[in-house]
Amino acid sequence: MARTRHFQQRMSHRGISLEMVELVRQFGERDQDKIVLGRKSLRELIAAMQRLERTAKEAMDKGGCVVVEDGDSLITTYRLDSYDRRKSRSPKRRQI
C-alpha cells in the first residue's frame, strides 16, 4: 500500500516503526477509516502468541508433526520422525 509523505513524517516523528504499522493493520479492529490496536487487544495478542510459542515448542520436542487430511476430514496425525517408508517396505523375495 502506498505511504504518503505525511504518513512517513508522522511515523518518524512519533517513533512508530513500519513493523508496528503492519501489526496494527493485521490485528487491529476497524473503526470507520481507522484501525485501532489498543492495550487490551495487545495483551490478548501477546497471550495468544505465548500459547502459540508453547505449542510450537511441544511440536519441536516431538521432532515435528504431520497431519493427513482429505477435503474437510482429518484422517490421522503422527510425529514427523515416527514413520520411515524405507524401513516399512517388505524385503524383496528371491525367485528360485
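The values are calculated or read from the model by the stated rules, or taken from the named source; none is laboratory data. This structure is a prediction, so every number in the text was calculated from the model and none was measured. The accessibility values were calculated without ligands, DNA or RNA, using every heavy atom of the protein model including side chains. Shrake-Rupley method; radii C 1.70, N 1.55, O 1.52, S 1.80 Å.
When every residue of segment 27-37 is checked against the conditions, none turns out to be at pLDDT 95 or above, part of a helix (DSSP H, G or I) and of a type in the set (G, A, S). In segment 54-78, the residue that is farthest from F27 (Cα to Cα) out of those that are in a helix (DSSP H, G or I) and open to solvent by 100 Å² or more (accessible area, probe 1.4 Å) is D61.
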